[in-house]
Amino acid sequence: MNRHVIRKGKTRRERFGQRRRDDAQAEAAAAWEPRTELGRKVKAHEVTSIDEIFNNGKHIAETGVIDTLLPNLQDEVVEIVSVQRMTKNNRKMKFRATVIVGDGAGHVGIGAAKDIESRAAVNAAIVAAKYNIIPVILGCGSMQCRCGTRHSLPITARGKCGSVEVILKPAPRGLGIVANKPVRRMLQLAGVSDAWSFSKGRTRVKYNSLMAVYRALQGVNSMKNAQSFAVGSAGAEAPQQVAVQPAT
């Protein structure tokens, strides 16, 4: 008899790996020596919010800026696959890691990297994901809810990568995220609690699916009237429109 076991949460090994990466990130942030003007301002506490950097359209060239301004940033390895390329001598094999990062409060990023060792590929993918962090505008755009809290998306978002196309629609409060596991985890790291997702194409390619979600969230920020849709709590002031760095 085949038994299907649904795993909830992270395993003990995954939690240990997360704690080890958090400790390494804290040590790196403490020993960080900035090399750019923006990094020196962050180190001197002249810039205390990452949203201020996005609003001014500044380019982040150091991971220390991200580690300092987003201390609660979490990372999760989505997949590690082996890739090969053919040379005239032999086949060269590498590992490609896909990682998503987010603080669960309106910031998310995705990165991928290759290396001959899986651990080095994961570390490089984490760095790439930090460079690709974007702000996520949250709101309540569901016609069935209209509660005015920031639990879902303000409007329907659409993104595409390769043959995969993903549509994200606002959902009423309490529904949860209706999506497959990688997409659901990415939306959770972005701070979305309730959403409908529809996808088509070769969705088993996780990188394309996540990039489609990333571009969908990025498309909400590019709207001219985004701040009119992004409502916070009842009576809260809507956030300003932000300038998003394009993903590499």
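Miscellaneous remarks
- Flag if M86 is without any contact (Cβ under 8 Å) to a residue 24 or more places away in the chain and in contact with a strand residue (DSSP E or B) (Cβ under 7 Å, 6 or more places away or on another chain): no
- Residue within region 89-106 that is at pLDDT 90 or above and in a helix (DSSP H, G or I) present: no
- Boolean, L189 is surrounded by 18 or more Cβ atoms within 10 Å (Cβ to Cβ), closer than 15 Å to G109 by Cβ and either modelled with pLDDT of 90 or more or among the small types (G, A, S) (or both): yes
- The set of residues from region 96-132 being over 28 Å from L217 (Cα atoms) and touching a helix residue (DSSP H, G or I) at 6+ places or on another chain (Cβ under 7 Å) comprises just one member, D115.
- Scan of region 97-152 for residues that are of a type in the set (K, R) and either under 12 Å from the mean Cα position of the chain (by Cα) or buried (at least 21 other Cβ atoms within 10 Å of the Cβ) (or both), ordered by number: K130, R150
- Single match in V81, V166 (criterion: touching a helix residue (DSSP H, G or I) at 6+ places or on another chain (Cβ under 6 Å) and at pLDDT 90 or above): V166
- Lone unmet requirement of (1) of a type in the set (K, R); (2) surrounded by fewer than 17 Cβ atoms within 10 Å (Cβ to Cβ); (3) more than 15 Å from the chain's Cα centre (by Cα) for K169: (2)
- Matching residues, region 28-50, being of a type outside the set (A, V, I, L, M, F, W, C), surrounded by 11 or more Cβ atoms within 10 Å (Cβ to Cβ) and part of a helix (DSSP H, G or I): G39, R40, K41, K43
- Filter pass, I53 being crowded, with 19+ Cβ neighbours inside 10 Å and part of a loop (DSSP other than H, G, I, E, B): no
- Of all residues in region 59-74, those that are among the hydrophobic types (A, V, I, L, M, F, W, C), over 15 Å from V108 (Cβ atoms) and part of a helix (DSSP H, G or I) total 1.
- Among the candidates R146, R158, R150, R204, residue that is assigned to a loop (DSSP other than H, G, I, E, B), within 17 Å of N221 (Cα to Cα) and of a type outside the set (A, V, I, L, M): R150
- Residue within region 209-230 that is at pLDDT 90 or above and in a loop (DSSP other than H, G, I, E, B) present: no
- Among residues of region 38-92, those that are in contact with a Gly (Cβ under 8 Å, 6 or more places away or on another chain) and within 15 Å of I134 (Cβ to Cβ), counted: 2
The values are calculated or read from the model by the stated rules, or taken from the named source; none is laboratory data. As the structure is a prediction and not an experimental result, all values here were calculated from the model. When we count neighbours, we look across all protein chains shown, and the Cβ atoms used for this are built from the backbone with ideal geometry, even at glycine.
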